[in-house]
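Accompanying notes for the structure given below.
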Amino acid sequence: MADEAHLKGLLLQGLAGDDAAHRAFLTEAAGLLRAFFRNRLRGAPEDAEDLVQETLVALHTRRDSYDPNYPLTAWMYAIARYRLIDFLRRAKHRVTAPIDGLEIGDADPEYEASDARRDVTALLNRLPEKQRRAIQLVKLDEKSVREAAEETGFTESDIKISIHRGLKTLMRLMGQEQPT
Amino acid sequence: MKTDHLIDVLARGAGPAEKPRWGGKLAITVIAGLLVAALLVAIGLGVRPDIGAARMPVMMKAMFAALAAAVVLPLAVQLMQPGRPLGWRIGAVLAFLAICAGAVFIALMGEMPERRWEAWMGGAVPWCVVLIPILATPTSALLLWLMRAFAPTRLALLGAAIGAFSGGVGAMAYAMYCPTDSVAFVVTWYVLGIAVSAALGAVVGARVLRW
């Protein structure tokens, strides 16, 4: 695959601490994942976008599970497939609405991001207070970990752990929540 | 939240990722699981009374169980992380099973025809099929918890591998109690006990390993 070496380079740089490379990795991964999920969930672009977001959080929180001795795309798509199977299993348990307005042949070849069905911001508010606060300060208010530590009175490693746990909880919430 | 915004959120201040160190944790898990199983045997079943004289067969049986666990371990480790090929690791398990079947056959052919059935069945109810999975649970519970943290994606298969590995560990402890030493009996029923443990692991793993 043409993207393999490039994507792998970005992820490895990100793992080493380069946030810009990690951001670039997630952005490119999002494009590939969008194509992957839209191909498999035709007529449900919002569901596909939900899965893109869910998988991005999974790739991020579990990025240490990548072993550089193996292909990156195999790792990424294994996680994507896992999230898709989990989604389909959840979908089986809920009442499905009739698919009105399903139009075939209307696929957007550019795969532009459509709106996701679920609101991640609302899910963030359901996190335990400490995790929510750490994510709010560092991730949304753009403060450094040190500033967040000073403001809350927690240690810096406490803040980092809270963010990591919070994102893992977020992914679980994304999986549990039943879109209507 | 738009996906681009989510990416910003994830990447901001991400910093370096910690390297996963699972080797040490795995070793501690196995030792802890083996100790608990040995304790269960010592308290619940009682060590076989002739353990002093039967040191050799007990050692051999424990080694066989350890070998079974060792054969499954590469598969479990590979399944722990997403998208890693299984390849020869499945082949190793199948080859081990084929060797076991061959060993049972050769051992039975060495017996007198009228004694074969007893040598195979041990002349009593083979409780090891029940006891080995029970003795496997301390190890498998710890392993399920440990491996869940590593984003497994083939849950039933990993659960089965964990169950089989833990079954091998449980059988090591069980060897201290097991009163039957016939090769055909031990190979057949230990492998079946481990297989039961693997089946239970597949069922439990498919639920418990979800993340």
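In nm, to one decimal, how far is the modelled label at B:ILE90 from the one at A:LYS92, with both set 7 Å along Cα→Cβ?
According to this spin-label approximation, the distance is 2.2 nm.
So how tilted is helix B:55-80 from the main axis of chain B? Cα-based, degrees 0 to 90, rounded to 10.
20
Less than 17 Å from a label point 7 Å out along the Cα-to-Cβ axis of B:ALA70: which backbone N atoms in region B:155-184 qualify, by residue?
B:165-173
Per q in 0.11, 0.13, 0.14 Å⁻¹, report the Debye log10 I(q)/I(0) for the protein assembly as shown, using one uniform scatterer on each alpha carbon and no solvent.
Debye curve over Cα of the protein assembly as shown, log10 I(q)/I(0) at q = 0.11, 0.13, 0.14 Å⁻¹: -0.86, -1.05, -1.14.
Roughly what would the spin-label model give for A:ALA20 and A:ALA122, points 7 Å off Cα along C-beta, in nm?
3.7
For peptide A:44-51, compute the average count of partner chain beta-carbon atoms within 10 Å of each residue's beta-carbon. List each step's numbers first, then the result.
Values: counts 0, 0, 0, 0, 0, 2, 1, 0.
That works out to 0 on average.
Hey, can you rank A:25-32, B:14-21, B:203-210, A:145-152 by average C-beta count inside 10 Å, highest first? Each step should come with its number before you reach the end.
On the way: A:25-32: 20.9, B:14-21: 14.1, B:203-210: 17.9, A:145-152: 16.4.
Those peptides, ordered most packed to least, come out A:25-32, B:203-210, A:145-152, B:14-21.
Once each part is reduced to its C-alpha centroid, what is the distance from region A:49-92 to region B:118-158 in angstrom?
Cα centroid to Cα centroid, the span is 28 Å.
Per DSSP H run of at least 4 residues, take -39500 (n - 2.57); add these up for the protein assembly as shown, divide by its residues and hand me the 222 nm value, nearest 500 deg cm²/dmol.
Values: 16 runs with 264 residues, N = 391.
Counting only the DSSP helices, I get -22500 deg cm²/dmol.
Please compute the net charge surrounding B:ARG210, taking Lys and Arg as +1 and Asp and Glu as -1 over other residues with Cβ under 10 Å from its Cβ. Before the final figure, lay out each step's value.
Numbers: positive: A:ARG89, A:ARG172, B:ARG148, B:ARG207; negative: A:ASP86.
Combined, the nearby Lys, Arg, Asp and Glu give +3.
Can you tell me the FRET efficiency between A:ALA35 and A:ALA5 if r is taken as the Cβ-Cβ distance and R0 is 30 Å, rounded to the nearest 0.05? Write out the running numbers ahead of the final one.
Numbers: r = 19 Å, r/R0 = 0.64.
After rounding to 0.05, the efficiency reads 0.95.
Taking the Cα centre of each part, how many Å lie between region B:164-211 and region A:1-29?
Between the Cα centres of region B:164-211 and region A:1-29 lies a distance of 42 Å.
Distance cut-off 22 Å, Cα to Cα: go down the list A:LYS168/B:LYS2; A:LYS143/B:LYS19; A:LYS8/B:LYS19; A:LYS130/B:LYS19; B:LYS25/B:LYS61 and report the pairs above it.
On the way: A:LYS168/B:LYS2 19 Å; A:LYS143/B:LYS19 25 Å; A:LYS8/B:LYS19 16 Å; A:LYS130/B:LYS19 25 Å; B:LYS25/B:LYS61 26 Å.
Violating the 22 Å Cα-Cα cut-off are A:LYS143/B:LYS19; A:LYS130/B:LYS19; B:LYS25/B:LYS61.
For labels at B:LEU39 and B:ALA149 in the simple 7 Å Cα→Cβ model, what's the distance in nm?
For the pair B:LEU39/B:ALA149, the computed spacing is 2.1 nm.
None of the figures in this text is laboratory data; all of them are computed from the coordinates on show. Since we're looking at a predicted model, the values are computed, not measured. Neighbour counts are summed over all protein chains in view; Cβ atoms, including those assigned to glycine, are modelled from backbone coordinates with ideal geometry.
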